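One structure below.
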Amino acid sequence: MHYKLMLMSLILIALHSVDKAQSSDLPLYAGDRLMGGRLALGGLYGADQGYFLVYEQGVKGQFLAPKNISTLLGLGGAIGYSYYDDDWPERRTEHSNLLLLFSGYYHLFLSQNNRLDTYVLLQGGFNIDNDRFESYSVNFADRESRDIGLTLNLGLGMRYFMDPQWSLAGELMFGAGILRLGIDYQL
């Protein structure tokens with residue numbers, strides 16, 4: 001619940017501070033490249049938070065564009081990491097996840113403001129799960145395991161460009177991380 005309130009506050013602050021654009025320029029075009037970092041909060045395979053490094057390149061403008069709305073298809077990738085541990089009376093457990101993801105972005109420029117970017121994000125890839133169990137008792141044996149599985153994430157995101165290179169990003173996700181907040185740099 002707190003994450004949703006934080007995201008709504010971020011959206012309202014960004015919308016309130018948006019200057020009225022004097023031109024119809026878009027914040028992103030085909031060929032533009034972005035790189036950034038995200039702090040993921042909640043729902044990250046047992047961890048309360050995690051970290052993502054993201055990359056995107058605009059590929060095709062006006063991709064499946066509704067009437068009178070500019071769009072952009074972007075492709076990229078992400079690397080994510082999360083960690084948490086538990087201390088039990090009989091044992092200590094450590095869990096970490098490394099995510100290697102392919103990303104697809106569908107940007108809908110709903111505002112005529114050249115600072116605001118809204119998008120749908122679809123990610124798929126691999127989750128490398130490492131678990132370590134250290135026993136304090138003879139009843140449990142120490143063990144370590146590693147599993148590799150597939151993961152799929154879907155989300156809604158928004159960027160606010162503070163200037164032509166730097167932007168603040170917020171993403172509401174289903175999958176790895178409920179709320180992702182970060183900053184991007186246009187290369």
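Values quoted throughout were computed directly from the atomic coordinates according to the rules given, and no laboratory measurement underlies them. Small disclaimer: the values here were computed from a predicted structure and weren't measured. For neighbour counting, all protein chains shown are included, and Cβ atoms are generated from backbone atoms with ideal geometry for every residue, glycine included.
Regarding the stretch 25-32, can at least one residue be identified that is closer than 21 Å to Leu152 by Cβ, more than 12 Å from the chain's Cα centre (by Cα) and surrounded by 14 or more Cβ atoms within 10 Å (Cβ to Cβ)? The answer is no; no qualifying residue exists.
Residue by residue, here is whether (1) in contact with a Leu (Cβ under 6 Å, 6 or more places away or on another chain); (2) within 23 Å of Leu44 (Cβ to Cβ); (3) surrounded by 14 or more Cβ atoms within 10 Å (Cβ to Cβ) holds:
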site	(1), (2), (3)
Phe102	no, yes, no
Leu108	no, no, yes
Arg115	no, no, yes
Tyr119	no, yes, yes
Gly125	yes, yes, yes
Phe133	no, yes, yes
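Look at Gly42 and say whether it is surrounded by fewer than 20 Cβ atoms within 10 Å (Cβ to Cβ) and touching a helix residue (DSSP H, G or I) at 6+ places or on another chain (Cβ under 8 Å). Yes. Could you pull out the residue among Gly175, Gly104, Gly149, Gly124 that is more than 17 Å from Gly37 (Cβ to Cβ) and more than 17 Å from the chain's Cα centre (by Cα)? Gly149 is the lone residue from the list that is more than 17 Å from Gly37 (Cβ to Cβ) and more than 17 Å from the chain's Cα centre (by Cα). Cβ-Cβ distances below 8 Å connect no pair with a first residue in the stretch 66-89 that is closer than 16 Å to Gly124 by Cβ and without any contact (Cβ under 8 Å) to a residue 12 or more places away in the chain, a second residue that is not in a strand (DSSP E or B) and not charged (D, E, K, R), and a separation of six or more residues or different chains.
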